[in-house]
Each structure stands twice: as structure tokens, then as C-alpha cells.
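One structure below.
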Amino acid sequence: MMKPALLAGALVALPTLVSAQGVEFDGAVTLGYAFNSSSIGGTDLNLNGYSIDFDGDLSFSEEFSVGLGFGFSSGDLEIGGLGTDLNIDLISLEVEPQYSFSNGAYVGAYYHMNDLDLALLAPITFGIDANSYGVFGGYDFGQGHVEAFYGTTDLGDSPLLAGLNLDVVDYGVSGAYQVMPELEIYGAVLRTDISVATVDLHATAYSIGASYDLGNGFDIYGAVGGATLDLGALSPQDITSTGLTLGASYDLSQSGSMPIVLSAEYSRTSLDLGPIAGVDPDIDRFAVGLTIPIGNGSSAPLNSNTRTAHGDYRSALGAVLNSF
């Protein structure tokens, strides 16, 4: 497997390669590390791992572009008293061709892939593959935009889901508004409906966030949100969570250094597991990132828990899965 630093270097060199073909490329790559800690029934849980995330746009003309995204994260879940760690790997891929009209409206299609692998005891490994397809459309009005999407997710042939007849539908809305040159607010609501035989489950994720430019290369940002899993006929109680994220970043180029953005953030998520009486754990997450803008790409960290509020996901379950 290509080392993260080498992959980041290859992605940074991408604009030079595509410009020779008359194609413009703008994006960013983030190298990150996150620390998650919680406690359930007196048992300590710790999930620590690194990640590399890439997001960008290939512009073939003023009207047509293709959004590209890639992510890889790997971490070890330490369960107090177990004596061995659970390795968790998540690979994601995103492709989103888009056509923009002269009046600010745009339409497109998307394909998102998520491959989650759980290694219990080598060589025992379980995996879940999720492939999402759909369409989206929106309107860019200069100071902001609004967007909606609709699609479906295929969970593949995972042994963990063998024998289940699953039907998964995803949809949601998102938007952003530049209140003033220094302040931007953004938010999203995502919904995933899951039908398993005669049981209907409904997952909802929502978040609203803001970022503020303090000047001299310093930014602060944050988001609040939550998620709900309606268990339908399985239980009258829902599984819910609420979360808060606060972060800050610094652009080294403001001090005459390389175009690199350093970031650090803290998130706290409170869970209410509903049917599991007496188990309401809190999860604390600390994350640091090193982001390299490519071309005219954004300097926002791609390992941030504010990505749900930015509308970066096409599934409520995907938003929750990528928040740790």
C-alpha cells in the first residue's frame, strides 16, 4: 500500500499533470490523526488512528466538472480487559460529475463507495461494502448555495448481512451562506430509510456549523448536531446522539512559509442507546490535521467533524460512520 505521505505528494502534483491537458484542478489533501475515548459500564474504550483524505474538482469547461474524493483511515480499538485490539479500516471513494447552468443552477449524479473492514483476531476479518448511487441538484446564488440529493445504497454481499433482504434509500438537503466576508454558516439534514424484511428503520443526521476568519491566517470553526435511529417495530425507544465540535486552524503561508494549514479540534458526542437501559456513554474526540490546498482548493480540514454540516455526505449512516 502506498504510504500516506507519498500519496499526498502525488495528489499535490496532480494539477501540473492535468493542466497540460487543458483541464483545471482544485482541491485539498489532509493528513490527520484522531483520538477517541469513551467508557461503557466501567469498561474503557479508546480508538486512535490516522487518516488521509482528498477532495477536489476536475473542471473540463465552465459548465462541466467532476468532483473526486478519496479517504483512508486506520485505527485500533482498545477495549479494557480484552487483551487484544480490534483493527478498523475504512476506505472511501467518491465520483460526482456535475453540469452547471449559466443562471447558477446545477445538476449531477454521484457514486460513493465505503469499505469497512474489522479485524478481530488475525486472520479473522469481517467487512461491509456500501455502494451509493444517486442524483443531486442545487442553486448557487453567489453568497451561498442550496442543494438536495436522492439515491440508494447497495450493501453488497457481506457475510455480516447474509440472508437479509435490505432496501436502503438516502436523501437530504444542505446549504451555506456567506453572512459577511469573515463569517460563513452552513448546515445539512440527511435521511436514510432501511427496510429489512417487514421492519422499517429510519436514520437521520443533522448538523449546523459556522467558520470565522480571525485574520492573519487564523480561523475558528464549530458545529452542533445529532443523529437519530428510529427502530420502528423493534423498539418504541430510539437510539439518539448529540454532538458538539470546536476547532481552530492556522495557515502557515501567512507567515511566509509553505501553503500548509494546521488544524486542531475537539468533539464531544453524547449517546442515548434507548433500548439498552442504563448505557448512555459520552465520546470525546481530539483530532489534528495538516491540510495542503491544491490549486484554488479549500483550506478546510477534511478530517473534521464539521463535514456533515458542510453537506459532504450522501447518507445519514455514512455521516455517522465518518465521524470517529
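Taking the residues in the range 172-186 that are more than 20 Å from Ala227 (Cβ to Cβ) and among the aliphatic types (A, V, I, L, M) as candidates, determine which candidate is least open to solvent (accessible area, probe 1.4 Å).
Top of the filtered list is Ala176.
Determine which single condition Met2 fails, assuming it passes every other condition in (1) of a type in the set (A, V, I, L, M, F, W, C); (2) modelled with pLDDT of 55 or more; (3) within 30 Å of Leu118 (Cα to Cα); (4) over 17 Å from the mean Cα position of the chain (by Cα).
So the condition that Met2 fails would be (2).
When you scan the range 36-133 for strands (runs of 3 or more DSSP E) that lie fully inside it, which ones turn up with 3 or more residues that are of a type in the set (Gly, Ala, Ser)?
43-59, 64-79, 105-121
Table: residues versus (1) closer than 18 Å to Gly81 by Cβ; (2) among the acidic types (Asp, Glu).
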site: Phe25; (1), (2): no, no
site: Ala28; (1), (2): no, no
site: Tyr33; (1), (2): no, no
site: Ile40; (1), (2): yes, no
site: Leu45; (1), (2): yes, no
site: Ser51; (1), (2): no, no
site: Asp57; (1), (2): no, yes
site: Ser61; (1), (2): no, no
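If I ask for residues that are at pLDDT 95 or above and of a type in the set (Val, Ile, Thr), which ones from the range 174-224 would you list?
Correct list: Val179, Ile185, Val189, Thr192, Thr204, Ile208, Ile220, Val224.
What do you reckon, is Val107 modelled with pLDDT of 85 or more, touching a Gly at 6+ places or on another chain (Cβ under 6 Å), on the phi < 0 side of the Ramachandran plot and not hydroxyl-bearing (Ser, Thr, Tyr)?
Criteria met by Val107.
Among the listed residues Gly209, Gly222, Gly175, Gly232, identify the single one that is of a type outside the set (Ser, Thr, Tyr) and more than 19 Å from the chain's Cα centre (by Cα).
Numbers: Gly209 fails: more than 19 Å from the chain's Cα centre (by Cα); Gly222 fails: more than 19 Å from the chain's Cα centre (by Cα); Gly175 fails: more than 19 Å from the chain's Cα centre (by Cα).
So the residue among Gly209, Gly222, Gly175, Gly232 that is of a type outside the set (Ser, Thr, Tyr) and more than 19 Å from the chain's Cα centre (by Cα) is Gly232.
Is it fair to say Leu273 is under 15 Å from Thr242 (Cα atoms) and either in contact with a Gly (Cβ under 8 Å, 6 or more places away or on another chain) or not hydroxyl-bearing (Ser, Thr, Tyr) (or both)?
Considered against the rule, which asks whether it is under 15 Å from Thr242 (Cα atoms) and either in contact with a Gly (Cβ under 8 Å, 6 or more places away or on another chain) or not hydroxyl-bearing (Ser, Thr, Tyr) (or both), Leu273 comes out as yes.
Please work out which residue is nearest to Ser38 (Cα to Cα), limiting yourself to the range 276-294 and to residues that are in a loop (DSSP other than H, G, I, E, B) and open to solvent by 60 Å² or more (accessible area, probe 1.4 Å).
Asp280
Between a first residue in the range 282-297 that is among the aromatic types (Phe, Trp, Tyr) and a second residue that is part of a strand (DSSP E or B) and open to solvent by 20 Å² or more (accessible area, probe 1.4 Å), which pairs have beta carbons less than 8 Å apart while being 6 or more apart in sequence or on different chains?
Phe286/Phe35; Phe286/Ala264; Phe286/Tyr266
For the range 45-80, give me the residue count where each residue is β-branched (Val, Ile, Thr) and open to solvent by 40 Å² or more (accessible area, probe 1.4 Å).
1
Please go through the range 27-43 and pick out each residue that is among the polar types (S, T, N, Q) and under 21 Å from Gly243 (Cβ atoms).
The answer is Thr30, Asn36, Ser37, Ser38, Ser39.
Which residue pairs have Cβ atoms under 8 Å apart, sit 6 or more places apart or on different chains, and have a first residue in the range 259-274 that is at positive phi and in contact (Cβ under 8 Å) with a residue 12 or more places away in the chain and a second that is part of a strand (DSSP E or B) and crowded, with 17+ Cβ neighbours inside 10 Å?
Between residues of the range 259-274 that are at positive phi and in contact (Cβ under 8 Å) with a residue 12 or more places away in the chain and residues that are part of a strand (DSSP E or B) and crowded, with 17+ Cβ neighbours inside 10 Å, the close pairs are Gly274/Ile239; Gly274/Thr240.
Does Ser267 meet the test of being buried (at least 18 other Cβ atoms within 10 Å of the Cβ), within 22 Å of the chain's Cα centre (by Cα) and assigned to a strand (DSSP E or B)?
In short, yes.
The values are calculated or read from the model by the stated rules, or taken from the named source; none is laboratory data. These numbers come from a predicted model, not from an experiment. FYI the Cβ positions are ideal-geometry reconstructions off the backbone, even for glycines, and counts take in every protein chain you see. Calculation scope for accessible area: heavy atoms of the full protein, side chains included, ligands and nucleic acids excluded. Shrake-Rupley method; radii C 1.70, N 1.55, O 1.52, S 1.80 Å.
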